[in-house]
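The values are calculated or read from the model by the stated rules, or taken from the named source; none is laboratory data. Just so it is clear, the model here is predicted, and its values are computed rather than measured. Cβ: placed from backbone, ideal geometry, glycine included. Neighbour counts: every protein chain shown.
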Amino acid sequence: MILEFQAMFSFFKKKSPIAEVPSTPAADAPAVATAASTPLAPTSLPSEPPAAPADRQGWLNRLKAGLRKTGSSITTVFTGTRIDDELYEELETALLVADTGVKATEHLLQDLKRRVKDSKATEPSQVKTLLADAITDLLLPLQKPLTIGNHQPTVIMVAGVNGAGKTTSIGKLTKHLADEGLSVLLAAADTFRAAAKEQLAVWADRNTVEIVSQQGGDPAAVSFDAVSAGRARGRDVVLVDTAGRLPTQSHLMEELKKIKRVVQKADGSAPHEVLLVIDGNTGQNALAQVKAFDDTLGLTGLIVTKLDGTAKGGVLCAIAREKPIPVYFIGVGEKLEDLETFNAREFAQALLS
């Protein structure tokens, strides 16, 4: 079953009991034969979410509330009665304050002025609607589904700086994948941070999925063993939780490169996805992280967390303009249902609601 997580998540299935597997160093790890398993049938979820079902509407309401700090400073620009240079100057300032970035702000203003001219808009409220359209078009390249099933297992390597919500996001993603009927195996390769293994083990127990870990082990060795075990057991997904890294710590970033190399030794086509978890509160610093981690690992997707309460939600526009890496999921809170698939139109409308 090839699943594309572009539609909303469903919640209906549980997976096999937890089992912790001891890890051995990668250099000494024996070759593991792939066990026979039933291949996934070529099936896809709908390409577009159904029209505002109750749970998706609840999510949209939480998204609107989360983006209120960012959006309020922008929407106040449209409370006047005239479309003039002053309106555009105020909008420019509001977008920059929201950490939209210089390049994205310039692009949006030029695009907006063209739309205003073409539509012959005469009211500021009309300009607000046109801005939502402009933001949607800017963000559309970021709207891409996470596809599971083209490889078995699909190996997903997850990185991020400490405090971004990386391990929590992995736990939430594990729950969503398991509820879609997918078998998941976790790799506790975040041996750098105290209690990271225990935190991931809690999520594994809560979601009744397996975890590969090692007491004080080398993160690359843990990753190797997890991918090998995932292949041998016919798991659908292997999620590798790597240690939190600051992009300025070159020796630590080199360790991430090592993990990726070792994962490739375990499975020549892996990792199939390399995700970065970024904190939406950090604004332009988040964009800098995206650039640095992409240079190091070659990112395939992003998870943007903690958008609730931030005044810097415009950073997604900056990412779209300067480093358009797909945003698979966004989060607006700590609850399981607060991690959802990214939709450009929904985000733009919530931002300006």
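Name, by its number, the condition in (1) assigned to a helix (DSSP H, G or I); (2) at positive phi; (3) not charged (D, E, K, R) that does not hold for residue 263.
Residue 263 satisfies all of (1) assigned to a helix (DSSP H, G or I); (2) at positive phi; (3) not charged (D, E, K, R) except (2).
List, please: which pairs have Cβ atoms under 7 Å, are six or more places apart or on different chains, and start with a residue in segment 295-314 that is basic (Lys, Arg) and end with one that is buried (at least 24 other Cβ atoms within 10 Å of the Cβ) and not in a loop (DSSP other than H, G, I, E, B)?
Partner pairs satisfying both residue conditions: 306/280; 306/331; 312/70; 312/280.
Considering only segment 170-184, state which residues are in contact with a Gly (Cβ under 9 Å, 6 or more places away or on another chain) and surrounded by fewer than 22 Cβ atoms within 10 Å (Cβ to Cβ).
183
Is it the case that residue 73 is modelled with pLDDT under 90 and under 24 Å from residue 309 (Cβ atoms)? Steps first, answer last, please.
Details: modelled with pLDDT under 90: yes; under 24 Å from residue 309 (Cβ atoms): yes.
Judged against the criteria, residue 73 is a match.
Which of the residues spanning segment 198-221 are aliphatic (A, V, I, L, M), surrounded by 21 or more Cβ atoms within 10 Å (Cβ to Cβ) and farther than 15 Å from residue 264 by Cβ? Working first, answer last.
We begin by selecting, within segment 198-221, every residue aliphatic (A, V, I, L, M); these are 200-202, 204, 209, 211-212, 220-221.
Okay, now just the ones that are also surrounded by 21 or more Cβ atoms within 10 Å (Cβ to Cβ), so 200, 204, 209, 211-212, 220-221.
Across segment 198-221, the qualifying residues are 200, 204, 209, 211, 212.
For the subset of segment 148-173 comprising residues that are polar (S, T, N, Q) and at pLDDT below 90, which member is nearest to residue 322 (Cα to Cα)? Can you show your working first?
Within segment 148-173, the subset polar (S, T, N, Q) is 150, 152, 154, 162, 167-169.
In the following step, the residues that additionally are at pLDDT below 90 were identified as 162, 167-168.
Details: 162: 24, 167: 27, 168: 27 Å.
Step by step, filter segment 148-173, then rank; the result is 162.
What's the number of the only condition in (1) among the basic types (Lys, Arg); (2) within 22 Å of residue 61 (Cα to Cα); (3) crowded, with 19+ Cβ neighbours inside 10 Å that residue 321 fails to meet?
(2)
Every residue in segment 334-353 that is over 28 Å from residue 126 (Cβ atoms), of a type outside the set (A, V, I, L, M) and either under 14 Å from the mean Cα position of the chain (by Cα) or crowded, with 22+ Cβ neighbours inside 10 Å (or both), please.
Within segment 334-353, 338, 340, 341 qualify.
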